[in-house]
Structure formats: C-alpha cells, structure tokens
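The values are calculated or read from the model by the stated rules, or taken from the named source; none is laboratory data. The structure presented is a predicted model; accordingly, all values stated were derived computationally and were not measured. Neighbour counts run over all protein chains shown; Cβ positions are idealised from the backbone, glycine included. In case anyone asks, the SASA skips ligands and DNA or RNA and just uses the protein heavy atoms, side chains included. Shrake-Rupley method; radii C 1.70, N 1.55, O 1.52, S 1.80 Å.
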Amino acid sequence: MRKLLLGLLGTLVLVGGGITYVVAARGGGPAANAQPVVTGEPITLSPGTVLFRNAAAGPAYGQVAALAASGAPRKVADLRCDRFAAARGTGICLRAKPGSLPPLSEVLVLGQDLQVRHRQTLPGTPSRARVSPDGKIVNWTLFVTGDSYAATGFSTRSGLYEVDTGRLVKSIEELPVFVDGRRYFAPDVNYWGTTFGADGNRFYVTLGSRNKTYLVEADYRSYRGTAILENAECPSLSPDGRRVAFKQKNPDGTWRIAVLELATRRVSYPPESRHLDDQVLWRDNTTLLYALQRDDQGSDVWSTPISPTGRPTVLIPDATSPAVA
C-alpha cells in the first residue's frame, strides 16, 4: 500500500501537466522533501546559471536541471546524464550505455541550448567531467575497471575534446610528468579529475601510482606536467587561478576538502570536514560547491566558504554534479 501511495504521489501532475511533485522516501522513514519539477521549458547555459543533475526520486531522476528561486519548481531538461558539467556556453554529459559489456559510456558535447554538438562512445563508466572556463575544451574521466577511488586495482582513462577544432584525445596517459625533477615512469599510472585555467592552456590533474596520488600542474601546448603536491586528488582551479581545491585522503581512508595557495604552496581547510568523494566546483573565488551522499544513499549539493570561520549549507537538495554556466 505504501509503495502504491508513493508511486501515485511521484506522478501527480499539477497545473495542466506542467509540474510534477517528486517524493523521495528517506532512510525507510516517512516520505519527505517533495521536489516540485517543471518540464517542457527550455534550459540554456546562460551566464551565471547554476545547473545540476536532478537526484530526486521519480521520472525526472538523472535529468539536467536548473536552480530555481527559493520555493519555485526546479526546471528539468529532457537530457539525462550520469555526470554533467558546463562553462561559457559549452556543456558535457557523460552517461553509461545500458547493457553494454564491457561497459561503454557516451560523451555528449553540448551547446548553449543543451543540443548535442558531438557524440563519442568510449570504454568505461562515468566518473568525472569538466569544461574549461573558456568553453573550448571538455574533459572527462571514465572508470575502465573498478567503480571507486577507494578500491584497489581500479583503472581510469581521462580524455578531452577540443570544441572548435574537433580534436579528440581519447587518453592523456602519454602526458610526460616529472616528480622531484625526474621523469616519472610506472606501469600503473592513472590520471583523473582534470581542471583547466582561464587561458585554456594551464591545467591540473591527478596522477595516481604505487598507492600515492600527486597534483600535477601541466601545460597543454607543450604537453608536459610537474607534480607539485602529494596526497591530492580531483583538483579544481579557482576562477582567479590562485588556488586549487582538491580532496585529500585522511589516515582512516576518508577524504576531506583542502585548498592549495599556488603562490605559497600553503594548504588550508574549509569548514567542511565530512567525508567527500567528489570533484568540487568553485562558484566564485571564495565559495565551493560539491555533492555529499546522505545516509539513505541520496545526495545533496552543498556550499561552503573557504574561510575556516564560515559554515557549510545545503544549496540544492536531491542533486549532484553542480555546474555554473
């Protein structure tokens, strides 16, 4: 009876078929956090728009949505993604191809109106996605084996696509990286979690090898990188290019957010200390966005200032993959 009631509520249509209320049951308790969803309205990558992947249970689960004013229904597009990112009128959508063995993923490069400009099928399952601040490069990370950075023996493949030229780099595994001044070679090298600077040339990426991770600073045109910090994963460069936020592994195997000042190499910690497995996003030069999983396996997008005197707050309930267009 309870399942039937939830199903009816999840498909209740209001106001001439435009708005659906999606109800998420949490932790086996009573239904809570009803999310009004409006469909059939266009979503664009207009400047300043905050977009995300809708994670509210119901027919619109996994679809790209736009942040609405407080109390207003969230607008959802027809586009369904497992990972989503956007910047300067360009978007990227990663989604697993159901039933494919071995696993395959679609990489969709999106334009201003979320229309598909390029489509690529690659081996692996979705992990990370980003767009360079100038909108000219989309990059992604796929799990080729494994499905968690906490597991041992996983393998990733990171690639990129130049929007203007159509150049496809299926893997950046050939990127020469120097650690402590010497060219690094190892059979188990993996790269993941790329972030580009405003010029579209400087970028940062995780190098994982021999049970260690490094933050690599790289030059795209010369195609060469240097490790600048150990124990750093999934970097995100601030809009002003002065800081890199990343996830840092704690002694107990969990991760927390850390911020590196590039000029001084000083590492500081925002007030958010909970376990996080995400590539954080800068909303501006002082605020970070990220998804945190709840105890009931749902997730919300949170916001935290980088100042240690601030306080984390929920920005978007039932959401993942925040993006600022």
Given (1) within 22 Å of residue 126 (Cβ to Cβ); (2) hydroxyl-bearing (Ser, Thr, Tyr); (3) open to solvent by 10 Å² or more (accessible area, probe 1.4 Å), index of the condition residue 222 fails:
(1)
From the list 146, 159, 153, which residue is within 16 Å of residue 95 (Cβ to Cβ) and small (Gly, Ala, Ser)?
159
So how many residues does the range 45-61 have that are on the phi > 0 side of the Ramachandran plot and surrounded by fewer than 18 Cβ atoms within 10 Å (Cβ to Cβ)?
1
Could you list, ordered by first residue, the pairs with Cβ atoms under 7 Å in which the first is in the range 307-322 and touching a residue at least 60 places away in the same chain (Cβ under 8 Å) and the second is open to solvent by 30 Å² or more (accessible area, probe 1.4 Å) and of a type in the set (S, T, N, Q), at least 6 apart or interchain?
317/33; 318/33
Provide a single number: the residues in the range 154-173 that are open to solvent by less than 70 Å² (accessible area, probe 1.4 Å), assigned to a loop (DSSP other than H, G, I, E, B) and within 25 Å of residue 210 (Cβ to Cβ).
3
Just to be sure before I move on: is residue 111 surrounded by 14 or more Cβ atoms within 10 Å (Cβ to Cβ) and within 15 Å of the chain's Cα centre (by Cα) in the structure I sent?
no
Residue 101 passes all but one of (1) within 22 Å of residue 173 (Cα to Cα); (2) free of Cβ contacts under 8 Å to residues at least 24 places away in the same chain; (3) among the hydrophobic types (A, V, I, L, M, F, W, C); (4) not in a strand (DSSP E or B); which number fails?
(1)
The number of residues in the range 244-266 that are more than 20 Å from residue 192 (Cβ to Cβ) and of a type outside the set (S, T, N, Q) is 7
Can you find, within the range 34-64, the residue that is nearest to residue 296 (Cα to Cα) among those that are aliphatic (A, V, I, L, M) and outside any loop (DSSP other than H, G, I, E, B)?
34
Checking residue 116 against (1) within 28 Å of residue 253 (Cβ to Cβ); (2) modelled with pLDDT of 95 or more, the condition it does not meet
(1)
Can you pull out the residues in the range 228-267 that are assigned to a loop (DSSP other than H, G, I, E, B), of a type in the set (Gly, Ala, Ser), free of Cβ contacts under 8 Å to residues at least 40 places away in the same chain and surrounded by 13 or more Cβ atoms within 10 Å (Cβ to Cβ)?
232
Has the range 76-85 got at least one residue that is in contact (Cβ under 8 Å) with a residue 40 or more places away in the chain, among the small types (Gly, Ala, Ser) and open to solvent by less than 30 Å² (accessible area, probe 1.4 Å)?
yes
Within the range 268-277, track down each residue that is under 11 Å from residue 245 (Cα atoms) and in contact (Cβ under 8 Å) with a residue 40 or more places away in the chain.
268, 270
Of the criteria (1) in a strand (DSSP E or B); (2) more than 18 Å from the chain's Cα centre (by Cα), which one residue 139 fails:
(2)
Qualifying position, being within 14 Å of residue 157 (Cα to Cα), open to solvent by less than 20 Å² (accessible area, probe 1.4 Å), out of contact with any Lys or Arg (no Cβ under 6 Å at 6 or more places or on another chain) and in a strand (DSSP E or B), among 205, 216
205
